[in-house]
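Visitor: So that we are looking at the same thing, I have put the structure below in structure tokens.
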Amino acid sequence: MTSGVQILEWRDGAEVRPPDDLAFALSDPRTIVWVDLAGADPAVLHDLADQVGLDPRAVEDALTPGERPKASRHGDQFFVTCHASELVDDSPQLHDSRLVLHQVSAFALPHGVLTVRADDRFSLDGVRDRLRERPDLIAAGAAGLIHTLVDLVVDSHFDTIQEVDDVAEDVETDLFADRLPSGRVMQASLYRLHKELVHLRRAVLPLREVVGTLRRQFGESGPLAADFDDLYDHVMRASEWTESLRDMVSALFETHVSLLDARLNVVMKKLAGWAAVIAVPTAITGWFGQNVPFPGNGEPLGLVLSLGMIVALTLVVYVMLRRNDWI
């Protein structure tokens, strides 16, 4: 079998040994076949496209990285492309995004499904496990395979959103802690969250249209109608959760700026208060330092008077400022 190619085949609901001929596997009306190209040579897909008649535009979309999630019909075939997500924290920079998107494309054919991936970093083992747990998905043919695949992608978004939500809650806790983390660390954390959510929205929001199209295509009157309705509900929940998190991160950033301004005002207020306290002895010593006669000039009495005035007036100013919470 070609490197990067895996084939699963079911006959009468039971998994059987698949043939090595991809084109024959996808055209055999007695079976349901799943062919997965994960990091395979693009020439394999082009050869297979010529044999089974895949639409050239869909083939181009499947091989183009960063393609927008979409669902389209081409004759008796149906094409879907979407992105799974995960957080990978391997960047040395705190502000770098941890979000990694994995593009997954699928061709729903009359007797099977062909999936195309750039690599195998996003595992599709969950698809096989779910198909084995639910034979009715196999009985539904390509619709069952497509539903299981997209459902796994949506679940990956839920896991990612939950992790981002947990990080946002940690940032919120640090934001209102007694001792605020350094401004650079907090700003980098908030920027990273915002950046991750922007990229995640590009993968999650278009899924509403994709799943809506799949529901109209496969789920309106078929045996999987309830499953596609449930899948659409999950996509809507993921979209709404992403939107609410984006609003939360924006609110956290604005709150952080407000707290910095408030803390700066407190510092300036305290500095102004202490400046007023220090101004009293400065004025008195400056006055007594003038070369003019004054009571006690040149005598110990003068030192006692100056020290007494410094201490008394300083205490008065300090008490007044302390009562008004200026220092």
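The values are calculated or read from the model by the stated rules, or taken from the named source; none is laboratory data. Just so it is clear, the model here is predicted, and its values are computed rather than measured. Note that we place each Cβ from the backbone using ideal geometry, even for glycine, and neighbour counts take in every protein chain shown.
Visitor: Look through segment 76-107, keep the residues that are aliphatic (A, V, I, L, M) and in contact (Cβ under 8 Å) with a residue 60 or more places away in the chain, and return whichever of them is farthest from Leu48 (Cα to Cα).
Guide: My answer is Leu94.
Visitor: Then there's this: I'm checking my understanding of the structure. Among residues of segment 234-284 that are under 25 Å from Val167 (Cα atoms) and among the aromatic types (Phe, Trp, Tyr), which one is farthest from the chain's Cα centre (by Cα)?
Guide: Once the filter is applied, the top-ranked residue is Phe253.
Visitor: Kindly evaluate Ile146 against the criterion of being out of contact with any Ser or Thr (no Cβ under 7 Å at 6 or more places or on another chain), over 25 Å from Thr242 (Cβ atoms) and part of a helix (DSSP H, G or I).
Guide: no
Residues checked against (1) among the aliphatic types (A, V, I, L, M); (2) at pLDDT 95 or above; (3) over 25 Å from Leu197 (Cβ atoms):
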site: Leu99; (1), (2), (3): yes, no, no
site: Pro110; (1), (2), (3): no, no, yes
site: Arg121; (1), (2), (3): no, no, no
site: Arg130; (1), (2), (3): no, no, yes
site: Leu137; (1), (2), (3): yes, no, yes
site: His147; (1), (2), (3): no, no, yes
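Visitor: Same structure again: Do we find that Leu190 is of a type in the set (A, V, I, L, M) and either surrounded by fewer than 16 Cβ atoms within 10 Å (Cβ to Cβ) or modelled with pLDDT of 90 or more (or both) in this structure?
Guide: Judged against the criteria, Leu190 is not a match.
Visitor: Something else about it: Does any residue of segment 210-232 turn out to be under 30 Å from Val167 (Cα atoms) and in contact with a Pro (Cβ under 9 Å, 6 or more places away or on another chain)?
Guide: For segment 210-232, residues under 30 Å from Val167 (Cα atoms) and in contact with a Pro (Cβ under 9 Å, 6 or more places away or on another chain): present.
Visitor: Quick one: Ser221 ticks every box in (1) at pLDDT below 90; (2) surrounded by 14 or more Cβ atoms within 10 Å (Cβ to Cβ); (3) of a type in the set (S, T, N, Q) except a single one, so which number is it?
Guide: Result: Ser221 fails condition (2) only.
Yes/no per residue for (1) crowded, with 20+ Cβ neighbours inside 10 Å; (2) out of contact with any Leu (no Cβ under 8 Å at 6 or more places or on another chain):
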position	(1), (2)
Ser123	no, yes
Arg130	no, no
His157	yes, no
Glu163	no, no
Glu169	no, yes
